[in-house]
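Okay, structure first, notes after.
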Amino acid sequence: MKTFMAFWFLTISFFLYGQGTVKVTFDTGDKDINTHLSEVNAYAISNMDLFRKDLNEIFGATKEDLDRYLIKERRQPADVYYGYNLSKSTGKSFPTIMKMYTDKKGWGSIAKDLGIKPGSDQFHALKDNTLKKIDKDKMNKAKKDNSKSGKDDKSKDAQKNKNSNDEMKKSDDKSNSKNK
């Protein structure tokens, strides 16, 4: 019984606290863009509805396209965001850009194939647009709002775990007193 209770507690603890974020890297060939895409990803994951609204307002992204790439194809939100940026910068359709990405090319390689040379005026325009499209202040505000609600949830979860531990201890104490 003790073994089962310990296993149960460890399993529940893993699901409550062991769900860390997975670090995703973006192969754009530019450190600043990669960093920004990581921030966009964190922002999108913390507030997907707001992210989807941003893509709709900035690029005219449709619900159908967002559902296809974010849900059905399970793309990282920042990849979708960068795909829209490349589409706007090059005049290629968004599905064409995402097809190129699906064919396992990195973003830097795709940009080169589309005629955007590192250091060129077109590259700097793409970089500027990418870094400015989703406002960092908005991302930080969304993170703060999410972390406030997350803290409340974590303290509730911690109290539940404490209560669960107390119950397990009482149960073990009862079992030990019966065995004596």
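Bear in mind that the values in this text are calculations on the coordinates, not laboratory data. Note that the structure is a prediction, hence the values are computed from the model and not measured. Here Cβ is always computed from backbone atoms with ideal geometry, including for glycine, and neighbour counts include all displayed protein chains.
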Taking the Cα-to-Cβ direction at residue 64 and at residue 99 and moving 7 Å from each Cα, how far apart do the two end points lie in nm?
-> 1.6
Residue by residue through the stretch 113-128, which ³J(HN,Hα) values in whole Hz follow from phi under the Karplus form 6.51 cos²θ - 1.76 cosθ + 1.60 (θ = phi - 60°), with glycine and proline marked x?
-> 4, 8, x, 9, 8, x, x, 6, 4, 5, 5, 5, 5, 4, 4, 4
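By count of other Cβ within 10 Å, fewest leading, how are 25, 90 ordered?
Starting with the residue having the fewest Cβ neighbours, the order is 25, 90.
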Subtracting the Cα-Cα distance of residue 124 and residue 35 from 0.36 nm times their residue separation yields 30.5 nm
